[in-house]
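Data block below; observations after.
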Amino acid sequence: MKQYLNHLNKAFENRVRLGIMSALTVNDYLDFNALKELLNVTDGNLASHLKALEKEEYIGMEKSFVGRKPNTKYHITKAGRSAFEEHIGALEQLIKEQHQSK
Amino acid sequence: MNKEPDYIKDISEIRNIMERSSRFMSLSGLSGVMAGIYALVGAYLAYKLFYFSDEILYRTISRGVVSDKVLHVVLLALGVLVLAIGTGIWFSYSKAKKHNYRMWDATAKRMIINLAIPLTTGGIFVLIMFSKGLIGLIAPCTLIFYGLALINASKYTYTDIRYLGFCEIVLGLLSSYFIGYGLLFWAIGFGLLHIIYGTVMYFKYEK
């Protein structure tokens, strides 16, 4: 079986998770609301995907207070960055292969 | 394997989100064209209504009075500025709405802050020069600081705006050498360059 398919990461097989990883790749930090607006998802949906990525240790978070409001900032971890790069590489391979077979 | 077409969509979605989350993409080329037109009209009015030579200015300043004409030109310039910014916001708003984005988000804030740092510095500097009577250097300084502001902001919006910034700086330096042609350089820098830049942007990204 084709080798690169092993690099496709199950953790990213979801639009919202892909979106979170993409956004955190190019931003040092993003807070919950910024992610929510960017991806156009509900609080609950976003929170569950964030939790899943956090469990994989692909992203980290920091809680702080802005005035009296709690504010949660997310950032990508080293492991998350390399896993995401691998995933994109595999996607590219897959698409290339698909073009050739046509 | 029947999910393959989805992967292409995934890639384009990744690109889209990376770009949208890090750069302010709602800037419209048309607002640049409009700003340029306002500036040209403003420069024409200034020339027709209260044109003055720098010589007269220096004389009035050495006597410690700022002529009414200078204040009128300042007010006219401020009017053009407000109109240009207002149009810019309005066009950005409608462009964001068309694409279903929010105009005022983290990327907009970041761009504005980075634009404002050199611009505010330049603004204060120009006010100090004004109060010290260095009128001749005001036009060059506005162009130079505006150019620096654009280059600083280019990291947070379309990178093309960098080239506009370079042009403004070159123009500002030229105008600091040819003192007395401030109005002409203003018309080129804020009028002509904006129209050219806006047209290029419009055809490159919005057509």
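The values are calculated or read from the model by the stated rules, or taken from the named source; none is laboratory data. Keep in mind that this is a model prediction, so the values were computed, not measured. Quick reminder, even Gly has a Cβ in these numbers, built from the backbone with ideal geometry, and neighbours come from all protein chains shown.
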Exercise. If the Cβ limit is 7 Å and pairs must be 6+ apart or interchain, which residue in the range B:120-145 that is on the phi < 0 side of the Ramachandran plot pairs with which residue that is at pLDDT 95 or above and among the charged types (D, E, K, R)?
Worked result: B:143/B:168
Exercise. If we keep just the residues of the range B:174-204 that are hydrophobic (A, V, I, L, M, F, W, C) and not in a helix (DSSP H, G or I), which is modelled with the highest pLDDT?
Worked result: B:178
Seminar exercise, completed: Checked against (1) at pLDDT below 95; (2) within 24 Å of residue B:104 (Cα to Cα); (3) buried (at least 19 other Cβ atoms within 10 Å of the Cβ), residue B:207 satisfies every condition except (3)
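Pick out the one residue from A:73, A:78, A:96 that is more than 9 Å from chain B (Cβ to nearest Cβ), of a type in the set (D, E, K, R), closer than 20 Å to residue B:20 by Cβ and out of contact with any helix residue (DSSP H, G or I) (no Cβ under 7 Å at 6 or more places or on another chain).
Values: A:78 fails: closer than 20 Å to residue B:20 by Cβ; A:96 fails: closer than 20 Å to residue B:20 by Cβ.
Unique residue meeting the criteria: A:73.
If we only count helices (runs of 4 or more DSSP H) wholly inside the range B:1-87, which ones have 3 or more residues that are within 14 Å of another protein chain (Cβ to nearest Cβ) and modelled with pLDDT under 80?
Working: elements: B:4-22, B:29-50, B:54-62.
Those helices (runs of 4 or more DSSP H) span B:4-22.
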Exercise. Out of (1) within 17 Å of residue B:14 (Cα to Cα); (2) within 14 Å of another protein chain (Cβ to nearest Cβ), the odd one out for residue A:53 is which?
Worked result: (2)
Problem set entry | Unmet requirement for residue B:104, which otherwise passes all of (1) surrounded by fewer than 19 Cβ atoms within 10 Å (Cβ to Cβ); (2) of a type in the set (Phe, Trp, Tyr); (3) touching a Pro at 6+ places or on another chain (Cβ under 6 Å) | (3)
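Can you tell me which residue within the range A:21-50, out of those that are within 22 Å of residue A:78 (Cα to Cα) and of a type in the set (D, E, K, R), is farthest from the other protein chains (Cβ to nearest Cβ)? If you could, list the steps in order and put the result at the bottom.
Quick first cut of the range A:21-50, residues within 22 Å of residue A:78 (Cα to Cα) only: A:21-32, A:34-35, A:46-50.
Now drop any that are not of a type in the set (D, E, K, R), which leaves A:28, A:31.
Working: A:28: 10, A:31: 8 Å.
Among them, the one singled out is A:28.
Residue under question is residue A:18, and the condition is that it be modelled with pLDDT of 90 or more, closer than 20 Å to residue B:105 by Cβ and within 11 Å of chain B (Cβ to nearest Cβ); does it hold? I'd like the intermediate steps shown before the answer.
Values: modelled with pLDDT of 90 or more: yes; closer than 20 Å to residue B:105 by Cβ: yes; within 11 Å of chain B (Cβ to nearest Cβ): yes.
Answer is yes for this residue.
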